[in-house]
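We did not get these values from a lab; they are worked out from the coordinates using the rules stated. Here the structure is a predicted model, which is why all the values come from computation and not from measurement. In this analysis, Cβ positions are derived from the backbone assuming ideal geometry, glycine residues included, and neighbour counts consider all displayed protein chains.
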Amino acid sequence: MKTRRPPGFPGLPCFPGFLLPVTARLHPTPNRTPEMTEIAIRRATPDDAPELAAMVREIAAHEDQTAQVRVTDEQWRSLLGRPEVIVLLAERDGPAIGYVSSVRRLHLWTGGDVLDLDDLYVRPGNRDAGVGRRLMAALAASAAPARLLIRWGVEADNVDAQRFYRRLGATLRPKIHAAWSPEAYADVAASHGPDHSHSRSR
């Protein structure tokens, strides 16, 4: 599952340089529901960096976005030590079977914080077993004490994921996300460089 998803959604990686709210794409390919065993959900620690990085690469490969993933295991180790980065792991009999990742950040309109959900992912073979819902419930529980708004994006054509989130009680509304890469804004930035600003201020 990736934010993206319910019964079978790989996740969508963030593009370098900025964080996009997760855009969910559900892939309802048949998956055999595993035998019912205890699922444990806990917050990821720096020691979980290799396993988390592996799942991010799985998501990227599934969505043909491997080239977009540049974060290293060591960088993940550092990120997981930051208090605003909240990653919850779902484990079954030890190994991780999925995760939900988010970043707590300031919302300037309200003056308070919000929780930006990045990825929701459940590994193949473990989907259709309620793992995605359990991860979302755990994320909600972590946000509840501070009454944080949780927000994310979903692909317009991913109706399965939209249905999943509506069942959770989420509000969905159309919105277009824009991304401005350093290469795309280089000329605009150069036109407003130090020399240009100085000449305008005289």
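Determine the sum of side-chain charges near ARG105: Lys and Arg each +1, Asp and Glu each -1, restricted to other residues whose C-beta is under 13 angstrom from that of ARG105. Mind dumping the intermediate values first?
Numbers: positive: ARG82, ARG104, ARG151; negative: GLU84, ASP113, ASP116, ASP118.
Neighbour charge sum, excluding ARG105 itself: -1.
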What value in Å³ per residue do you get for the convex hull of the alpha-carbon atoms in segment 93-202?
197
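How high is the relative contact order of segment 76-202, given as a whole-number percent (alpha carbon pairs under 8 Å, six or more residues apart)? Present the calculation step by step, with values, prior to reporting the outcome.
Numbers: 117 pairs, mean separation 19.6, N = 127.
Computed value for segment 76-202: 15 percent relative contact order.
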Ratio of Rg to Rh over segment 99-153 (Cα coordinates, Kirkwood Rh, two decimals)
1.05
Electrostatic dipole magnitude of segment 94-182 [Cβ: Lys, Arg +1; Asp, Glu -1; Cα centre; debye, to 20]:
300
nm² value of the averaged projected area, convex hull over the Cα atoms of segment 31-113:
7.5
Under the rule of at least 5 residues apart or a separate chain, name every residue whose amide H is placed under 5 Å from the amide H of VAL69.
none
Mind checking which of VAL154, TYR185, VAL71 is farthest towards the positive end of segment 57-202's charge dipole, using Cβ charges of +1 (Lys, Arg) and -1 (Asp, Glu) about the Cα centre?
VAL154
